[in-house]
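Since the structure comes first, as C-alpha coordinates, the remarks are kept for the end.
The values are calculated or read from the model by the stated rules, or taken from the named source; none is laboratory data. Bear in mind the structure is a predicted one, so any value in this text is a computation, not a measurement. Cβ: placed from backbone, ideal geometry, glycine included. Neighbour counts: every protein chain shown. The accessibility values were calculated without ligands, DNA or RNA, using every heavy atom of the protein model including side chains. Shrake-Rupley method; radii C 1.70, N 1.55, O 1.52, S 1.80 Å.
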Amino acid sequence: DTGVSQDPRHKITKRGQNVTFRCDPISEHNRLYWYRQTLGQGPEFLTYFQNEAQLEKSRLLSDRFSAERPKGSFSTLEIQRTEQGDSAMYLCASSLSGEFGGSTHEQYFGPGTRLTVT
Amino acid sequence: AQTVTQSQPEMSVQEAETVTLSCTYDTSENNYYLFWYKQPPSRQMILVIRQEAYKQQNATENRFSVNFQKAAKSFSLKISDSQLGDTAMYFCAFITGANNLFFGTGTRLTVIP
(Lines give C-alpha, C1' and ligand atoms only; values in the text may rest on other atoms or scores of the structure.)
Protein backbone atom coordinates (compact mmCIF):
# COMPACT_ATOMS: atom_id res chain seq x y z
CA ASP A 1 0.00 0.00 0.00
CA THR A 2 1.58 3.23 -1.11
CA GLY A 3 -0.69 5.77 0.52
CA VAL A 4 -3.95 7.58 -0.06
CA SER A 5 -5.02 7.72 -3.69
CA GLN A 6 -7.65 9.90 -5.35
CA ASP A 7 -9.31 9.73 -8.72
CA PRO A 8 -9.54 11.66 -10.94
CA ARG A 9 -6.68 14.07 -10.35
CA HIS A 10 -8.33 16.76 -12.44
CA LYS A 11 -11.93 17.34 -13.45
CA ILE A 12 -13.34 20.07 -15.62
CA THR A 13 -17.11 20.30 -15.75
CA LYS A 14 -19.78 22.70 -16.82
CA ARG A 15 -21.97 24.49 -14.32
CA GLY A 16 -24.98 22.41 -13.43
CA GLN A 17 -23.37 19.03 -14.06
CA ASN A 18 -22.84 16.39 -11.39
CA VAL A 19 -19.36 15.12 -10.50
CA THR A 20 -18.12 12.27 -8.36
CA PHE A 21 -14.68 11.81 -6.84
CA ARG A 22 -13.18 8.71 -5.34
CA CYS A 23 -10.73 8.26 -2.48
CA ASP A 24 -8.91 5.08 -1.49
CA PRO A 25 -7.40 5.40 1.99
CA ILE A 26 -4.43 3.58 3.47
CA SER A 27 -5.78 0.07 3.85
CA GLU A 28 -5.63 -0.33 7.63
CA HIS A 29 -6.96 3.17 8.37
CA ASN A 30 -10.49 3.28 9.75
CA ARG A 31 -11.03 7.03 9.47
CA LEU A 32 -11.43 8.94 6.25
CA TYR A 33 -11.75 12.70 5.84
CA TRP A 34 -12.69 15.06 3.04
CA TYR A 35 -11.35 18.62 2.89
CA ARG A 36 -11.68 21.44 0.39
CA GLN A 37 -8.80 23.77 -0.41
CA THR A 38 -9.19 26.96 -2.41
CA LEU A 39 -6.34 28.97 -3.84
CA GLY A 40 -4.23 30.64 -1.18
CA GLN A 41 -6.07 29.00 1.69
CA GLY A 42 -5.53 26.07 3.97
CA PRO A 43 -7.74 23.01 3.69
CA GLU A 44 -11.21 23.27 5.21
CA PHE A 45 -12.95 20.27 6.73
CA LEU A 46 -16.01 18.89 4.94
CA THR A 47 -16.83 15.54 6.52
CA TYR A 48 -15.37 12.39 8.01
CA PHE A 49 -16.15 8.71 8.36
CA GLN A 50 -15.22 6.14 10.92
CA ASN A 51 -15.49 2.86 9.06
CA GLU A 52 -18.74 3.23 7.09
CA ALA A 53 -20.40 5.69 9.46
CA GLN A 54 -20.40 9.39 8.57
CA LEU A 55 -19.81 10.98 11.96
CA GLU A 56 -19.51 14.67 11.24
CA LYS A 57 -20.38 17.13 8.50
CA SER A 58 -19.27 20.73 8.18
CA ARG A 59 -21.66 23.58 7.45
CA LEU A 60 -19.66 23.91 4.21
CA LEU A 61 -21.24 20.67 3.05
CA SER A 62 -24.42 21.96 1.44
CA ASP A 63 -27.24 19.65 0.41
CA ARG A 64 -25.69 19.45 -3.08
CA PHE A 65 -22.80 17.50 -1.57
CA SER A 66 -23.03 13.88 -0.51
CA ALA A 67 -20.35 11.50 0.66
CA GLU A 68 -20.40 7.77 1.15
CA ARG A 69 -18.13 5.05 2.39
CA PRO A 70 -20.30 2.00 1.83
CA LYS A 71 -17.99 -0.78 2.97
CA GLY A 72 -15.67 1.16 5.21
CA SER A 73 -12.96 1.17 2.56
CA PHE A 74 -13.03 3.65 -0.33
CA SER A 75 -15.19 6.75 -0.27
CA THR A 76 -16.96 8.85 -2.87
CA LEU A 77 -17.81 12.54 -2.78
CA GLU A 78 -20.54 13.67 -5.15
CA ILE A 79 -21.41 17.26 -6.00
CA GLN A 80 -24.73 17.79 -7.72
CA ARG A 81 -25.61 20.80 -9.86
CA THR A 82 -22.08 22.18 -9.67
CA GLU A 83 -21.53 25.91 -9.30
CA GLN A 84 -18.47 27.99 -10.12
CA GLY A 85 -17.88 28.46 -6.41
CA ASP A 86 -17.29 24.72 -6.12
CA SER A 87 -14.03 25.09 -8.04
CA ALA A 88 -11.33 23.96 -5.62
CA MET A 89 -8.95 21.16 -4.73
CA TYR A 90 -10.76 18.35 -2.91
CA LEU A 91 -8.46 16.50 -0.56
CA CYS A 92 -8.95 13.15 1.08
CA ALA A 93 -7.05 12.02 4.16
CA SER A 94 -7.06 8.91 6.31
CA SER A 95 -5.98 8.02 9.81
CA LEU A 96 -6.00 5.19 12.31
CA SER A 97 -8.21 6.10 15.24
CA GLY A 98 -8.26 5.11 18.84
CA GLU A 99 -9.44 6.67 22.04
CA PHE A 100 -8.21 10.25 22.23
CA GLY A 101 -4.64 10.04 23.41
CA GLY A 102 -4.46 6.45 22.22
CA SER A 103 -3.64 7.28 18.63
CA THR A 104 -1.39 9.78 16.96
CA HIS A 105 -4.25 11.53 15.13
CA GLU A 106 -1.93 11.84 12.18
CA GLN A 107 -3.83 12.27 8.95
CA TYR A 108 -2.23 11.22 5.67
CA PHE A 109 -3.35 13.07 2.60
CA GLY A 110 -3.93 12.05 -0.97
CA PRO A 111 -2.86 14.12 -3.98
CA GLY A 112 -6.28 15.73 -4.32
CA THR A 113 -8.79 16.19 -7.12
CA ARG A 114 -8.73 19.61 -8.70
CA LEU A 115 -12.22 20.60 -9.82
CA THR A 116 -12.80 23.41 -12.29
CA VAL A 117 -16.38 24.44 -12.96
CA THR A 118 -16.79 26.51 -16.13
CA ALA B 1 -13.92 29.29 17.97
CA GLN B 2 -11.10 27.14 16.67
CA THR B 3 -8.66 29.21 14.64
CA VAL B 4 -5.09 29.06 13.38
CA THR B 5 -3.15 32.17 12.40
CA GLN B 6 -0.02 32.16 10.29
CA SER B 7 1.07 35.78 10.06
CA GLN B 8 3.85 35.29 7.50
CA PRO B 9 2.35 34.72 4.04
CA GLU B 10 5.79 34.38 2.44
CA MET B 11 9.32 33.83 3.65
CA SER B 12 12.67 33.09 2.07
CA VAL B 13 15.90 31.64 3.41
CA GLN B 14 19.33 30.99 2.01
CA GLU B 15 20.27 27.39 1.52
CA ALA B 16 21.94 25.93 4.65
CA GLU B 17 20.55 28.70 6.86
CA THR B 18 17.89 28.44 9.56
CA VAL B 19 14.34 29.79 9.32
CA THR B 20 11.44 29.94 11.77
CA LEU B 21 7.79 29.92 10.73
CA SER B 22 5.24 31.33 13.17
CA CYS B 23 1.86 29.98 14.16
CA THR B 24 -0.67 30.90 16.81
CA TYR B 25 -3.92 29.13 17.47
CA ASP B 26 -7.01 29.42 19.57
CA THR B 27 -9.04 26.68 21.17
CA SER B 28 -10.89 26.23 24.41
CA GLU B 29 -9.96 22.55 24.50
CA ASN B 30 -7.25 21.35 26.84
CA ASN B 31 -6.31 18.22 24.92
CA TYR B 32 -5.21 18.59 21.35
CA TYR B 33 -2.45 17.78 18.90
CA LEU B 34 -0.54 20.27 16.77
CA PHE B 35 0.97 19.61 13.37
CA TRP B 36 3.03 21.18 10.65
CA TYR B 37 2.28 20.01 7.13
CA LYS B 38 4.32 20.71 4.01
CA GLN B 39 2.72 21.06 0.57
CA PRO B 40 5.34 21.24 -2.21
CA PRO B 41 4.28 22.86 -5.50
CA SER B 42 1.74 20.63 -7.26
CA ARG B 43 2.36 17.83 -4.82
CA GLN B 44 0.45 16.37 -1.93
CA MET B 45 0.40 17.41 1.70
CA ILE B 46 3.09 15.75 3.82
CA LEU B 47 3.21 15.61 7.61
CA VAL B 48 6.39 17.26 8.89
CA ILE B 49 6.09 17.12 12.66
CA ARG B 50 3.58 16.48 15.46
CA GLN B 51 3.30 17.84 19.01
CA GLU B 52 1.02 16.59 21.79
CA ALA B 53 -0.34 19.49 23.84
CA TYR B 54 0.11 17.56 27.09
CA LYS B 55 3.85 17.19 26.48
CA GLN B 56 6.12 20.01 27.55
CA GLN B 57 9.09 18.74 25.57
CA ASN B 58 9.31 20.23 22.10
CA ALA B 59 9.14 17.76 19.22
CA THR B 60 12.08 17.28 16.89
CA GLU B 61 12.33 15.44 13.56
CA ASN B 62 15.80 15.63 12.05
CA ARG B 63 16.23 19.23 10.78
CA PHE B 64 12.72 20.23 11.91
CA SER B 65 11.87 21.29 15.45
CA VAL B 66 9.07 23.17 17.13
CA ASN B 67 8.80 25.75 19.87
CA PHE B 68 5.53 25.01 21.65
CA GLN B 69 4.33 27.61 24.12
CA LYS B 70 1.00 26.33 25.43
CA ALA B 71 0.10 29.34 27.56
CA ALA B 72 0.73 31.68 24.64
CA LYS B 73 -0.93 29.25 22.19
CA SER B 74 2.09 29.50 19.97
CA PHE B 75 3.60 26.73 17.84
CA SER B 76 6.50 27.78 15.64
CA LEU B 77 8.50 25.58 13.27
CA LYS B 78 12.26 25.87 12.94
CA ILE B 79 13.98 24.44 9.89
CA SER B 80 17.73 24.08 10.24
CA ASP B 81 20.22 23.66 7.41
CA SER B 82 17.56 24.58 4.84
CA GLN B 83 17.60 22.59 1.62
CA LEU B 84 16.17 23.38 -1.82
CA GLY B 85 13.64 20.58 -1.32
CA ASP B 86 12.19 22.48 1.64
CA THR B 87 10.62 24.97 -0.77
CA ALA B 88 6.88 24.55 -0.22
CA MET B 89 3.77 25.89 1.46
CA TYR B 90 3.81 25.12 5.17
CA PHE B 91 0.55 24.77 7.05
CA CYS B 92 0.11 24.80 10.80
CA ALA B 93 -2.85 22.75 12.03
CA PHE B 94 -4.38 21.32 15.17
CA ILE B 95 -6.91 18.65 16.06
CA THR B 96 -9.10 18.34 19.14
CA GLY B 97 -11.70 15.85 20.22
CA ALA B 98 -13.79 17.12 17.32
CA ASN B 99 -11.47 15.03 15.19
CA ASN B 100 -11.06 17.31 12.21
CA LEU B 101 -7.96 19.35 11.48
CA PHE B 102 -8.08 23.14 11.62
CA PHE B 103 -5.55 24.70 9.27
CA GLY B 104 -3.95 28.11 8.97
CA THR B 105 -3.64 29.93 5.66
CA GLY B 106 -0.07 28.80 5.16
CA THR B 107 3.38 30.29 4.74
CA ARG B 108 5.09 30.02 1.37
CA LEU B 109 8.76 29.25 1.99
CA THR B 110 11.37 29.66 -0.72
CA VAL B 111 14.88 28.33 -0.23
CA ILE B 112 17.35 30.36 -2.25
CA PRO B 113 20.43 28.59 -3.65
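Miscellaneous remarks
- To the nearest 10, the accessible area of A:MET89 is 30 Å² with a 1.4 Å probe.
- Unit charges on C-beta of K, R, D, E only; dipole of the protein assembly as shown, Debye: 520 debye
- Kirkwood-Stokes translational diffusion coefficient of the protein assembly as shown, alpha-carbon pairs, 25 °C, 0.890 mPa s, µm²/s: 134 µm²/s
- Over all Cα atoms in chain A, the spread is summed up by Rg and Dmax: 13.8, 45 Å.
- Per residue of A:13-24, other chain Cβ atoms within 10 Å of the residue Cβ number 0 on average.
- The share of C-alpha pairs in region A:24-87 whose separation exceeds 16 Å stands at 48 percent.
- Cα extents for region B:59-113 along the principal axes, largest to smallest and rounded to whole angstrom: 41, 20, 18.
- Extent along principal axes [Cα atoms of chain B; Å; largest to smallest]: 42, 28, 21
- Applied to region B:79-88, the Karplus parametrisation 6.51 cos²θ - 1.76 cosθ + 1.60 on θ = phi - 60° returns per-residue 3J(HN,Hα) values of 10, 9, 6, 3, 10, 4, x, 7, 4, 4 Hz, with x for Gly and Pro.
- Rounded to whole numbers, the Karplus 3J(HN,Hα) couplings from phi for region B:68-78 are 9, 10, 5, 5, 8, 6, 10, 8, 9, 10, 10 Hz, using 6.51 cos²θ - 1.76 cosθ + 1.60 with θ = phi - 60°, and x at Gly and Pro.
- Shielding of peptide B:43-55 by partners, expressed as the average count of other chain Cβ atoms within 10 Å per residue Cβ, is 3.
- Set of lysines near A:LYS71 by C-alpha distance (under 28 Å), chain-local residues within fewer than 8 positions excluded: A:LYS11, A:LYS57
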